[in-house]
Amino acid sequence: MKIKNQDSKVYAAIVGETKRQQEGMEMIASENYVSPAVLEALGSVFTNKYSEGYPGKRYYGGQTYTDVVETLAIERAKKIFGAEHVNVQPLSGCPANMIVYSAILKPGDTVLGMDLSHGGHLSHGHPVTLAAKIYRFVRYKTNALGEIDYDELEKMAIAEKPKLILAGFSAYTRQLDYQKFQDIAKKVGAITMFDIAHIAGLIAGKAIPNPVPYFDIVTTTTHKTLRGPRGGMIMCKQPFAEAIDKALFPGFQGGPHMNNIAALAVALGEALKPSFKVYAKQIIKNAKVLEQELKKYGFKLAFGKTDNHMVLVDVFSSKGVTGKEAEKALDKIGITVNKNMIPDDPRKPFDPSGIRIGVPAITTRGMKEKEVKIISSWINQAITNHTNEKVLAKLHNEVIKLCKRFPLPK
Ligand SMILES: *Cc1c(COP(=O)(O)O)cnc(C)c1O
């Protein structure tokens, strides 16, 4: 590496982070490991180029090759998701959502979105966000069975007359009823949008049904289960295409990050391969084993079960350990997760009742049902012995040993 001689401090941090990723068990549900090919494209000379505009219609010259990679990314995304129109320029998931809001809403318009503590995402109108200062968000919740309360959603839609009905989540673990969203929206004349950030890879790998045909607009991140570079993407039906493209540029962003788009094209190329289907199906299998094992150890899961790549565990009511304590105990044994609110959490966001655990990253490393069983047992032992440093140290050694057997993608 050139950095080694030029900048020893940054070099040391890269070496340290590589070791941390190699020796740690990454179970944050939104994280993954990209392939060396994706990393190569990210570090390519495309980072030097300004390409405001879209393929064939740029503001600066010299776009022969930027047009090639952006068109490849768009065409591959269309093929994977069956989308009518794709914009691959959003810098990340939150900007993608803001861009859609600004394309189709006027300040003050009403949006129905999922409550954060019920699995929704900050960018779906949480009061702390800019979007919530501009638009009027009303939040729907899940029912006691752990499913979205569609009857309540319909009642809210009729009462609130939203311009947009928003589906999407970052901690919800159940399959959505796409048709129901469509039916409710049709009744009240609302536009439908699904933010598939967490599950894009599961959809691409055909492990869960594709919602793109059902929704007017679909946004996503590209770096979670889809296993691409950090970025965002907007897919939509043709009638929304022009407004969305304009809302992105010149409305919200300037020059696209072409090195990211080149890397996205590479990642989408990987997602088109048969091996990606195997990967996506294995994620579902691994999450199911995690669910069943944790239940066996007496853990209560928010939403009852999982249909995707993660579980939301109510550690506080299961074991009397808070989300913060559980996260810390797992951190000590080298398993990285995040504390998370559970529906209508009686505790506070900085020390909630739950932890969210996801399997996409460990599945990329090749871990299967057998390893997930062992990991589940370690998770149980760490949480129930969260104050016993001796037990935690012993478990940490076991985690490192297992990680050594499953290297990062090479
Ligand atoms: C992760 C996530 C985002 C935000 O993506 P960033 O790239 O961090 O901006 C938006 N929506 C959902 C549902 C997410 O899970």
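Can you confirm whether region 202-210 contains a residue that is modelled with pLDDT of 95 or more, touching a Cys at 6+ places or on another chain (Cβ under 9 Å) and part of a loop (DSSP other than H, G, I, E, B)?
Our first condition is that a residue be modelled with pLDDT of 95 or more; within region 202-210, this holds for 202-210.
When the remaining residues are screened for being touching a Cys at 6+ places or on another chain (Cβ under 9 Å), the result is none.
Checking region 202-210: not a single residue is modelled with pLDDT of 95 or more, touching a Cys at 6+ places or on another chain (Cβ under 9 Å) and part of a loop (DSSP other than H, G, I, E, B).
What's the number of the condition ASP183 fails, among (1) touching a Phe, Trp or Tyr at 6+ places or on another chain (Cβ under 8 Å); (2) open to solvent by 10 Å² or more (accessible area, probe 1.4 Å)?
Unmet condition: (1).
Take the residues in region 95-153 that are within 11 Å of the ligand (Cβ to nearest atom) and among the small types (Gly, Ala, Ser); name whichever of them is farthest from ASP307 (Cα to Cα).
ALA96
What's the number of the only condition in (1) buried (at least 22 other Cβ atoms within 10 Å of the Cβ); (2) of a type in the set (Gly, Ala, Ser); (3) under 22 Å from the mean Cα position of the chain (by Cα) that ALA382 fails to meet?
With (1) buried (at least 22 other Cβ atoms within 10 Å of the Cβ); (2) of a type in the set (Gly, Ala, Ser); (3) under 22 Å from the mean Cα position of the chain (by Cα) applied to ALA382, the lone miss is (3).
Taking region 316-347 as the search range and keeping residues that are part of a helix (DSSP H, G or I) and without any contact (Cβ under 8 Å) to a residue 24 or more places away in the chain, which one is least open to solvent (accessible area, probe 1.4 Å)?
Here the answer is SER318.
Pairs, please: C-beta under 6 Å, at least 6 apart or cross-chain, first residue farther than 12 Å from ARG230 by Cβ and among the polar types (S, T, N, Q) and in region 93-105, second in a helix (DSSP H, G or I) and more than 10 Å from the ligand (Cβ to nearest atom)?
Between residues of region 93-105 that are farther than 12 Å from ARG230 by Cβ and among the polar types (S, T, N, Q) and residues that are in a helix (DSSP H, G or I) and more than 10 Å from the ligand (Cβ to nearest atom), the close pairs are SER102/ALA247.
Any residue in region 386-397 that's open to solvent by less than 60 Å² (accessible area, probe 1.4 Å): show its pairings with residues that are polar (S, T, N, Q) and not in a helix (DSSP H, G or I) at Cβ separation under 6 Å, as long as the two are six or more apart or on different chains.
Matching pairs, first to second residue: VAL391/ASN385.
So, of the residues in region 287-310 that are under 17 Å from the mean Cα position of the chain (by Cα) and polar (S, T, N, Q), which turns out to be nearest to THR225 (Cα to Cα)?
Going residue by residue through region 287-310, those that are under 17 Å from the mean Cα position of the chain (by Cα) are 287, 306-310.
From the residues that got through so far, the ones that are polar (S, T, N, Q) too are 306, 308.
Working: THR306: 15, ASN308: 10 Å.
Filtering first and then ranking leaves ASN308.
The values are calculated or read from the model by the stated rules, or taken from the named source; none is laboratory data. Here the structure is a predicted model, which is why all the values come from computation and not from measurement. All Cβ positions, even for glycine, are placed from backbone atoms using ideal geometry, and neighbour counts span all protein chains on display. Protein only, heavy atoms only, side chains kept; ligands, DNA and RNA dropped before computing areas. Shrake-Rupley method; radii C 1.70, N 1.55, O 1.52, S 1.80 Å.
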